[in-house]
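Written out below as structure tokens is the structure these notes cover.
The values are calculated or read from the model by the stated rules, or taken from the named source; none is laboratory data. Source: prediction; values computed, not measured. Note: ideal-geometry Cβ built from the backbone for every residue, glycine included; neighbour counts use all protein chains shown.
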Amino acid sequence: MLTNDILSQWDRENFFHPSTHLGQFARGEGAQRIVTGGEGCHITDRDGNRLLDAFAGLYCVNVGYGRTEISEAIAKQARELAYYHAYAGHGSEASITLAKMVMDRAPDHMARVYFGLGGSDANETNVKLIWYYNNILGRPAKKKIISRWRGYHGSGLMTGSLTGLELFHKKFDLPLTQVIHTEAPYYFRRPDLAMTEADFVAHCVDELEKLIAAEGADTIAAFIGEPVLGTGGIVPPPAGYWEAIQKVLARHDILLVADEVVTGFGRLGSMFGSDHYGMKPDLITIAKGLTSAYAPLSGSIVSSAMWEVLARGTDENGVLGHGWTYSAHPIGAAAGIANLDLIDRLGLVENAGKTGAYLNRAMAVALGDHAHVGDIRGEGMLCAVELVADRETRTFFDASATTGAKVVGAMLKRGVIARAMPQGDILGFAPPLCLTEAEADHIAGVTAEALREVLG
Ligand code: PLP
């Protein structure tokens, strides 16, 4: 077995890590962790640490670590048929079965699922399908996509453009011109503190209407949004938001894409966020929770209305020119089947709702009266704690102080992984859906201790 020193050196000399400060890492200044295993909500590393992973990897290991039901399904599939493509009507028992399982769980008005590999490529597929759809309908100018500031939809060229976070645009020449952004449904950061939630929803609607009027509805194809803003700060929408937004979209014949990469398959305590908030999307993006990240797999679920136009398009134009070598990969599909079975068998959707609410309450009890906690919010097994310099005036800390990252660092010393969200001093929590109440109490207790260490 390689020694830690050698691995660490090879890592710094050869491995180009995603979302990493490249210079610091290469110089040996940035954090490095070599993960070796995991069980339930915990991971272990080469230095002998056992950490409670309160972010489930990147909010994806929904069933928890070390589930042999899934690893055995993967091994069995690899032995029987590790790969065959899905072009031109080919499939495997696993990919066909998983498609059926996904569609059985999806909202009733959805018709088919296209499988990809990750959330970014699924959203890339969505945009292509939307453009194709409008071309078939004879609306070649109706192509722009509206996304929200602080939305996260991936980090490709188009999906990085859809993402509304500065870090993902800066120095990359993004966003591309076909993407336009509107107000984030972020009540805590409302422009005027005097606004009620209803006022703020009216403000979001107004901003959207103004954008549509300025650009022209005949140039706008779709609106994409996560049911709950994720990477942008873990922000549940204000009451009535989705209902009001959908009315505007319907009036202007603008499609809705629900990006359920985080919320799909149970994280909110409902199978889909679309069910949770009464959304009726034309496309749903799925990834993470589809396999609990035991193997890469994503999907674009297409509505019946859209499917009919796409199918007509191929009657008129021939084969759909879109596909990846690894679309519907049998190993990912086998992982997906075992994962969805496990979610059902363990009642994890229900537990996400119940224990998630417990975690949110525990956090409020442990931190609610701290002078630098401005907001504690969440839905299902999602929770965020937003830090402020001054509670009364809602003044934020200077970003250069990296206050949120310091609290997350103090938590790590105590064996709990939270995520310092990328824009703002926001502590993010998205544990596996199998979290217990005792683990929730532990996360809340450690957060409070870490907060006191950093902020007094
Ligand atoms: N959409 C949402 C809502 C996400 O949270 C993410 C990733 O965090 C993506 C898309 C992109 O998925 P991936 O990183 O698998 O490309």
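Scan region 203-229 for residues that are over 30 Å from A420 (Cα atoms), of a type outside the set (V, I, T) and either without any contact (Cβ under 8 Å) to a residue 24 or more places away in the chain or away from the ligand (no atom under 16 Å from the Cβ) (or both) and report the count.
11
Starting from residues that are of a type in the set (D, E, K, R) and assigned to a loop (DSSP other than H, G, I, E, B), keep the ones in region 402-452 and report whichever is surrounded by the most Cβ atoms within 10 Å (Cβ to Cβ).
Just the residues of region 402-452 that are of a type in the set (D, E, K, R), to begin with: 406, 413-414, 419, 425, 437, 439, 441, 449, 452.
Now drop any that are not assigned to a loop (DSSP other than H, G, I, E, B), which leaves 414, 425.
Values: R414: 15, D425: 26.
Here the residue is D425.
In region 47-93, which residue that is hydroxyl-bearing (S, T, Y) and assigned to a helix (DSSP H, G or I) is farthest from the chain's Cα centre (by Cα)? Step through it out loud before you land on a result.
Taking region 47-93 as the starting set, the residues that turn out to be hydroxyl-bearing (S, T, Y) are 59, 65, 68, 71, 83-84, 87, 92.
Filter once more, keeping what is assigned to a helix (DSSP H, G or I): 59, 68, 71, 87.
Working: Y59: 7, T68: 25, S71: 23, Y87: 28 Å.
The selected residue is Y87.
Filter region 176-212 for residues that are part of a loop (DSSP other than H, G, I, E, B), closer than 25 Å to N126 by Cβ and not β-branched (V, I, T) and give the result.
From region 176-212, those part of a loop (DSSP other than H, G, I, E, B) are 176-178, 183-186, 190-196; that's our starting set.
Pick out the ones that are also closer than 25 Å to N126 by Cβ and you get 176-178, 183-186.
Once the filter is applied, which keeps residues that are part of a loop (DSSP other than H, G, I, E, B), closer than 25 Å to N126 by Cβ and not β-branched (V, I, T), region 176-212 yields L176, Q178, E183, A184, P185, Y186.
Restricting region 256-271 to residues that are out of contact with any His (no Cβ under 8 Å at 6 or more places or on another chain) and under 10 Å from V349 (Cβ atoms), which is surrounded by the most Cβ atoms within 10 Å (Cβ to Cβ)?
R267
Within region 145-160, is there a residue that is closer than 23 Å to D253 by Cβ and among the β-branched types (V, I, T)?
Initially, region 145-160 is screened for residues closer than 23 Å to D253 by Cβ, giving 145-148, 151, 153, 158.
Subset that is among the β-branched types (V, I, T): 145-146.
Yes, the conditions are met somewhere in region 145-160.
With I136, I145 as the choices, which residue is over 21 Å from the mean Cα position of the chain (by Cα), at pLDDT 95 or above and either surrounded by 23 or more Cβ atoms within 10 Å (Cβ to Cβ) or away from the ligand (no atom under 12 Å from the Cβ) (or both)? Spell out the reasoning first.
On the way: I145 fails: over 21 Å from the mean Cα position of the chain (by Cα).
Answer to the selection: I136.
Would you tally the residues in region 373-401 being over 26 Å from K354 (Cα atoms) and part of a loop (DSSP other than H, G, I, E, B)?
9
Among (1) within 16 Å of the ligand (Cβ to nearest atom); (2) basic (K, R); (3) part of a strand (DSSP E or B), which single condition is R150 missing?
(3)
When you check G232 against the structure, is it under 20 Å from the mean Cα position of the chain (by Cα), part of a loop (DSSP other than H, G, I, E, B), surrounded by 18 or more Cβ atoms within 10 Å (Cβ to Cβ) and within 16 Å of the ligand (Cβ to nearest atom), yes or no? If you could, list the steps in order and put the result at the bottom.
Values: under 20 Å from the mean Cα position of the chain (by Cα): yes; part of a loop (DSSP other than H, G, I, E, B): yes; surrounded by 18 or more Cβ atoms within 10 Å (Cβ to Cβ): yes; within 16 Å of the ligand (Cβ to nearest atom): yes.
Here the answer is yes, as G232 does meet what is asked.
Could we say that D275 is at pLDDT 95 or above, of a type in the set (D, E, K, R) and either surrounded by 24 or more Cβ atoms within 10 Å (Cβ to Cβ) or within 13 Å of the ligand (Cβ to nearest atom) (or both) here?
Values: at pLDDT 95 or above: yes; of a type in the set (D, E, K, R): yes; either surrounded by 24 or more Cβ atoms within 10 Å (Cβ to Cβ) or within 13 Å of the ligand (Cβ to nearest atom) (or both): no.
When the stated conditions are applied, D275 does not pass them.
For region 235-260, enumerate the residues that are under 21 Å from Q423 (Cβ atoms) and in a loop (DSSP other than H, G, I, E, B).
Our first condition is that a residue be under 21 Å from Q423 (Cβ atoms); within region 235-260, this holds for 235-238, 241, 259.
Within region 235-260, P236, P237, P238 qualify.
Quick one: which of T196, T163 is within 19 Å of the chain's Cα centre (by Cα) and of a type in the set (V, I, T)?
Working: T196 fails: within 19 Å of the chain's Cα centre (by Cα).
Testing whether each residue is within 19 Å of the chain's Cα centre (by Cα) and of a type in the set (V, I, T) leaves just T163.
For region 236-266, give me each residue that is within 16 Å of the ligand (Cβ to nearest atom) and in contact with a Pro (Cβ under 7 Å, 6 or more places away or on another chain). I'd like the intermediate steps shown before the answer.
Residues of region 236-266 within 16 Å of the ligand (Cβ to nearest atom): 236-237, 242, 256-266.
Matches in region 236-266: P237, L256, V257, A258, E260, T263.
Of all residues in region 293-327, how many are within 16 Å of the ligand (Cβ to nearest atom), touching a Phe, Trp or Tyr at 6+ places or on another chain (Cβ under 7 Å) and among the aliphatic types (A, V, I, L, M)?
So the count comes out to 1.
I'm told A335 meets every condition in (1) surrounded by fewer than 20 Cβ atoms within 10 Å (Cβ to Cβ); (2) among the small types (G, A, S); (3) out of contact with any strand residue (DSSP E or B) (no Cβ under 9 Å at 6 or more places or on another chain) except one. Can you identify the failing condition by its number?
Checking A335 against (1) surrounded by fewer than 20 Cβ atoms within 10 Å (Cβ to Cβ); (2) among the small types (G, A, S); (3) out of contact with any strand residue (DSSP E or B) (no Cβ under 9 Å at 6 or more places or on another chain), the one that fails is (1).
Kindly list, by first and then second residue, each pair from a residue in region 298-314 that is touching a residue at least 24 places away in the same chain (Cβ under 8 Å) to a residue that is within 16 Å of the ligand (Cβ to nearest atom) and among the hydroxyl-bearing types (S, T, Y), limited to pairs with Cβ atoms under 6 Å and residues at least 6 apart or on different chains.
Pairs found: S300/Y114; S300/T125.
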